[in-house]
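Each value in this text was obtained by applying a stated rule to the coordinates, not by laboratory testing. Given the structure is predicted, the values throughout are model-derived calculations rather than measurements. Reconstructed Cβ throughout: ideal geometry from the backbone, glycine too, with neighbour counts over all protein chains shown.
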Amino acid sequence: MSLTHPQRRPAVPGAPAAPDAPAAPDAPAAHVHGLHATGDPANGAPATGWTVATALPVSYRVRFTPGVLDPRNPALARAGGPPGRRLVVVDARVHELHGHRLRRYLAAQGVEYETHVLLAHEQVKTMDAVFQVADRMDAFGISRRGEPVIAVGGGVLTDVVGLACSLYRRSTPFVRVPTTLIGLVDAGVGAKTGVNHGRHKNRLGTYHPAVDTLLDPAFLATLDRRHIGNGLAEILKVALIKDENLFGLLERHGHDLLDTRFQSPGTGAAVLGRAVHGMLQELQPNLWEHRLERLMDYGHSFSPTVEMRALPELLHGEAVCVDMALTTVVALRRGLLDTGQAERVLRLMRRLELPVWHPLMEPVTLAEALADTVRHRDGRQRLPLPRGIGAGLFVDDLDGAELADAAGRLRTWAATGGADAVRGSGTRA
């Protein structure tokens, strides 16, 4: 799949048709290229100020590439430019599992390369890891444009490498080969890079999309069950907020996808195709986040704070799922979901073996998380909530009492699994 500046997007097998995206009413006006000077330098009046207007066209590719490490498949060797020298940054665990295949592939394709093995998990997702990658880029003597770095690993690894490449000589191209489910459907397909700073998740980062992202579901065969569930949480996010048909696929086949790790033909490909397409469909018109109301922020209002404070107990997708469970109850209280829909959502989370509750989901932490999110969204909550299953809207008026009540009802449901726990005594418009 290619993601290009024009609004029309090519279809993905198994994904819904994508109509042209309408211009958002609150989007910034299009830039007009040019240089405007205050004064009249051509006629002897000194210029005293200048306005520079320019725009950078962005085009990057995301594509399913089965057998990406098959020595007969040239896709990776040619990704991002003609074959040549490559620095390959690979996650330490991925190197244990697939390093021999990667070496055999690069040798067969005649690539001159060096490998940097990087420990990559949330606790070490810091600028120190970025500096390690930058040091290896420097030692390798990488050229500025023609030798893209290859990042092979999960979302943490590709975020770190992406940030290093965005900083090195201000812009060095890189290629992503996600090896986790969350990398395939979320972290590996967008434009954002980032690392944690202090107690804050992804507080330091840039927008620097990989020139090419190669998605090979075969890597998922070596993931443990929990990490498959971790990625399913991000797929569930897309389903809940914009794709009812995807939700239905997860209801019918989600547990089988856990069992088979997406290796059975048919349903797995359809689920992955819809998830990636839905994500890119939301990102493409607003890649630089000029508009801060983003449906893909669903599940990411409270989870950044909860995830960082719970480390290493919760994986990213698990924290997102807890956030979605909480806001499902908020939506139910407001009449945006009926009881049957809320029950379907929470029971599917359980069926996907995801948590719906965590002890940190208490009023003080949730209030602090919401306050940080308001700062992140420029002074407003801009909180995505589901409207039924498969659609969403934004609210700005969630208060502490409503949040505490929803958290209490969710805690009871998690303990009992009963509909009465989340139904409540009334709804709110």
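Computed quantities for the displayed model
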| read-out | value |
| --- | --- |
| Over the chain, relative contact order from alpha-carbon pairs under 8 Å, at least 6 apart, % | 14 |
| Spatially proximal lysines relative to Lys237 (Cα-Cα < 23 Å; intrachain offsets below 8 disregarded) | Lys192, Lys201 |
| Over the chain: helical MRE at 222 nm, DSSP H runs n ≥ 4 each giving -39500 (n - 2.57), nearest 500 | -13000 deg cm²/dmol |
| Straight-distance crosslink candidates among aspartates and glutamates, where the alpha carbon sits under 13 Å from Lys242 and sequence neighbours closer than 8 are dropped | Glu234, Glu282, Asp297 |
| Highest-MSF residue in the chain out of Ser59, Ser166, Ser303 [GNM, Cα springs under 10 Å] | Ser59 |
| Label corresponding to Cα Rg over 2.2 N^0.38 Å when calculated from the structure given, among (i) 1.61; (ii) 1.03; (iii) 1.08 | (ii) |
| Cross-link reach list, aspartates and glutamates versus Lys125, counting only Cα pairs under 19 Å and skipping chain neighbours closer than eight places | Asp91, Asp135, Asp159, Asp186, Glu307, Glu313, Glu318 |
| Those trypsin sites (Lys or Arg not before Pro) in region 131-194 that DSSP places in a loop and that have at most 13 other beta carbons within 10 Å | Arg144, Arg145 |
| Overall Cα dimensions of region 361-417, principal axis frame, Å, largest first | 38, 30, 15 |
